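Written out below as structure tokens is the structure these notes cover.
Where a number appears in this text, it was derived from the coordinates with a stated rule and is not lab data. None of the values given here were measured: they were computed from a predicted structure. Ideal geometry is used to build each Cβ from the backbone, glycine not excepted, and the neighbour counts take in all protein chains shown.
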């Protein structure tokens, strides 16, 4: 997938709101770039009568869909939201969130949906910060701002082009993930075994012909947690089993699982199990 560094010119607030204009076409489309530097800049349980598309350009946060399912999102994600359905978008509190958004008529959404141009299942896509896609954002904004009313419907054609590009890029990414599925499954098995040994995550990535960052992202996409955290969680699962099924002390469990000292073990156990090893032992 072609990727690009985020141009600084995109980190701005500049939008066109033309929903109040009578007539068709761009009179029914809003779009633009928005920065959300405050923790309360998101919204919860909003219902919009039109289709909403949001491309996250910078930062991270959580999108909660109309069925109440929370989806972590970050730069390069596209949030798909049909009209008339409740949803929430809450940026992280670090103030880095930047997005390109657009809204289009519900009727146009229904046409594109019937044509198969909109996703049926995936509520969050990952087209990435592709240079061509970013260029289409800016052209859509320009069309919506400058088009005369007789030509305003061209902005909706630009939306269709933008969406098709985003879904194609997402499909390419998913194919790439699938191509590594077997190797990722093998990596997961390796991380769940020999919990007392040190394992080099970069070495595992190298065997897959991937950079560590790419391996980390693919692993998280497939299993819901980055590889380092996945291994820690398996260690804590094994520790709970050992405490419950053996007479080993907490110190012995710590050393058996490769921890350098009982303090490190206890701190990590409490973080992931929600209680100290001693409290867990007493609860049995």
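Brief remarks follow.
- With all pairs of different C-alpha atoms in the average, the Kirkwood value for the hydrodynamic radius of the chain is 21.7 Å.
- Region 175-216 versus region 40-95: alpha-carbon centroid distance in Å: 31 Å
- Here the Gaussian network model covers the chain, with springs between Cα atoms less than 10 Å apart; of 64, 246, 165, 246 fluctuates the most.
- Counting all C-alpha pairs of region 217-284, share separated by more than 20 Å (%): 27 percent
- Of the residues 157, 193, 70, the one that moves most in a GNM of the chain with alpha-carbon contacts below 10 Å is 193.
- Cα→Cβ-extended label distance, 7 Å offset, between residue 71 and residue 114, nm: 2.4 nm
- In the elastic network of the chain, a GNM with C-alpha springs shorter than 10 Å, the most mobile of 12, 110, 247 is 247.
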